[in-house]
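Read-outs throughout are calculated quantities, based only on the coordinates presented, and are distinct from any laboratory measurement. Everything numeric in this text was worked out from a predicted model, so none of it was measured. Ideal geometry is used to build each Cβ from the backbone, glycine not excepted, and the neighbour counts take in all protein chains shown.
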């Protein structure tokens, strides 16, 4: 399942001719979360976007909101989620970024770091994390780090694959979600990945979780006529797939998931489409076809 990226790093070696202004910083949050903020604009009036990547292990919430960038400041109103009001000054220090071997052509990239002073606040929904700083740690390297292919991964679906993939998509109103569960053999572990997309006024939100669970979390029959999901936390409840029923009745139960800022999101009900197909997923050393 592809995870939407609301803001991607610029190519290595980006300069002021590519972006009018581009700022990035990091702040540690409570409950084990960290916040990476990246803001940029390509308009002469300074209007752009700030994206907050709030992450902890295999879960994250990404918030994209309008922002105003100038040569000396970064401002954004996040409503109940917080605010950004920072002065930006050059540090006078040059930093160097050396890409990993075999990535980015091996060229060292130089850039000038900046300093941030003012106020940054982030309040996660329901208090899942709190983050605040008057002097966030600059992370300008976000815009210069090369994107390296990890290789060796991917899914093969259909045919005579030894495993199975169950995919859910919400087609109705409310939060839009996708869930994908993979299992390469009946006695192997299961991989669950879920994305939820929401809009809160001018703010776009993407919540994500990816977990490996035991063999009993995802069970299916050899002919792929039926399947059952009963995964532990961050999930709760269970749901079943019955291929011989009408499409609108094939998926039923009370399965739900807890994500950062969104607890108990139902993964069943009207408007949820479920598909079950033969598949095999390669994900590094954790899984092999």
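Observations
- Take the Cβ atoms of residue 58 and residue 113, set R0 to 35 Å, and the FRET efficiency comes out at 0.70.
- Remark: the residue 160-residue 121 segment gains 8.8 nm on full extension, using 0.36 nm per residue and subtracting the alpha carbon distance.
- Stokes-Einstein diffusion for the stretch 21-143, with the hydrodynamic radius set to the Kirkwood value over Cα pairs and evaluated at 20 °C in a medium of 1.002 mPa s, equals 141 µm²/s.
- Kirkwood Rh in Å, taken over the stretch 154-282 so that all alpha-carbon pairs contribute: 15.0 Å
- Gain upon complete extension [residue 248, residue 225; 0.36 nm per residue less C-alpha separation]: 6.7 nm
- Nitroxide proxy distance, nm - points 7 Å out along Cα→Cβ at residue 263 and residue 34: 2.7 nm
- Between residue 256 and residue 94, the distance separating the two model label sites (each 7 Å from Cα on the Cα→Cβ line) works out to 5.7 nm.
- Mean separation of Cα contacts under 8 Å, 6 or more apart, over the residue count of the chain: relative contact order %: 16 percent
- Percent of C-alpha pairs per 10 Å bin in the stretch 174-229, short distances first: 22, 39, 23, 12, 3.
- Calculated FRET efficiency, residue 202 to residue 85, Cβ-Cβ distance, R0 = 25 Å: about 0.90 to the nearest 0.05.
- From the coordinates shown, percent of Cα pairs over 35 Å apart corresponds to which of [x] 26; [y] 30; [z] 47: [y]
- Relative contact order, percent, the stretch 154-282 [alpha-carbon distance under 8 Å, six or more residues apart]: 29 percent
- FRET efficiency, residue 135 to residue 171 (Cβ-Cβ, R0 45 Å, nearest 0.05): 0.45
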